[in-house]
Amino acid sequence: MARKIRLSSSVRGLCVACFCAGFMLLNMWSGCTRPLEDKDIGETIESWNIRSLPPRIHNAAESLHILIWNDYFPPALFEAFEKIYGVRIEASYFESNEQMREYYLSDREKWDLLMPSDYTVHLLIRQNEVTQIDRNKLQWFDQISPVMFDLKCDPGLNYFVPVFHSSFGMSFNVKYLGGFPRKWDYLDAHRANPFFNGRLALPDQMRTSLGLALIRLGFSPNSRSEPEIEQAADYLISLVETCGARFVGDRIVQDGTWKDFLLLPTWSGTGAWLLSENLDYRFLIPEEDTIFAVDGFVIPRASRNKETAYLFLNFLMTPEVLAKAAEFSYYAPTSLAAARRVNTFIKHGPSMLMPSGDDRISLEDVGDSEALYEKAWVRVKTAQAPSDLKTIPLSLIAY
């Protein structure tokens, strides 16, 4: 095994500072600081210079029901698909893999495509819920990054069509917080600061937040040990009770409440979006174990419209189309052809950051131990900050 090379703290700090300063200039120069608006997608679909769209099929369904992550695709992309192929996309949205499973299991026969993360893909395969994909029906499959074929959730990609990848790190407001989050212990660095109260946002995703806590405590994010999982829950509860940490979903992007937080452990795509909105929010991946995730599509075994599902996948994975979706969502495409077509901000910003191979950990299906996480998560979500814990307005903070 190759030896891992570490930069000294001083050199690492200098590199980070230079990167941040340089990226700010690049960001301003490129002009690519905001996601594409829906109307922009609609107006430019015919000017994307798409070399080859998948051909129409004779037996296409009238509609396709898909269950997807919130904020990955603009509605205008679905409208373009309907305009070209005559198939209406009926999209439903979720904010966590647990929520996706709940929606799916409540009506299995409704869905034609699901968009789980890697560890949930393995669970669906194990439970025989999804069908094996036919690569001969996927036009751009050979453009998927070789890294994706080594995913533990589906080695060789027999069931899973990966679309976006992301890395877990920390978005932090340099205007109010000192230092760089080189380690996950940065979460605890500001506990004693009263100005930090109520300004820590954790993802409202069971496995992600408990996985973060497990890593912080020196355990595997895929632990099956009840004592370790309970310790992770205790750690998250302590963040709630001592500094008013809050669990948030994607809606903080939509409703603007992200501005209330100074530190947000989050995914690289969200970190890139925050930076595009406010240059005070930098995103870094700590130089230790961190979670790497891949989101993509599987076809449920119960789907009645599998051929139309393949048609949509071929349309989406067309490099020019997927590149525009990446520019809208700020998440990195798994297609090498699409990655070459994204704008400067996506190509050279937080979206594409990845932990080193030794530090890169994927969440895994933990089997029956999932019940331990669910039990611990109930405790976490019922924890409350003390009533006398005050959040001081940012306008009063001296920095």
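From the list R191, R199, pick out the single residue that is crowded, with 22+ Cβ neighbours inside 10 Å and over 27 Å from Y119 (Cα atoms).
R199
To keep it simple, each residue is scored yes or no on (1) closer than 30 Å to S276 by Cα; (2) outside the structural domain of R191 (by TED's automatic domain parsing); (3) surrounded by fewer than 18 Cβ atoms within 10 Å (Cβ to Cβ).
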position	(1), (2), (3)
R108	no, yes, yes
H122	no, yes, no
T131	no, yes, yes
F141	no, yes, yes
V147	yes, yes, yes
N158	no, yes, yes
V174	yes, no, yes
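Quick grid of which residues meet (1) at positive phi; (2) free of Cβ contacts under 8 Å to residues at least 24 places away in the same chain; (3) aliphatic (A, V, I, L, M):
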residue	(1), (2), (3)
T308	no, no, no
L316	no, no, yes
A323	no, yes, yes
Y330	yes, no, no
P333	no, no, no
A337	no, no, yes
T382	no, yes, no
L389	no, no, yes
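Scan segment 131-147 and give yes if some residue there is at pLDDT below 95 and in a loop (DSSP other than H, G, I, E, B), otherwise no.
Yes, that holds for at least one residue.
For the subset of segment 77-127 comprising residues that are part of a loop (DSSP other than H, G, I, E, B) and among the small types (G, A, S), which member is farthest from G249 (Cα to Cα)?
G86
The values are calculated or read from the model by the stated rules, or taken from the named source; none is laboratory data. This is a predicted model, so every value here is computed, not measured. Neighbour counts are summed over all protein chains in view; Cβ atoms, including those assigned to glycine, are modelled from backbone coordinates with ideal geometry.
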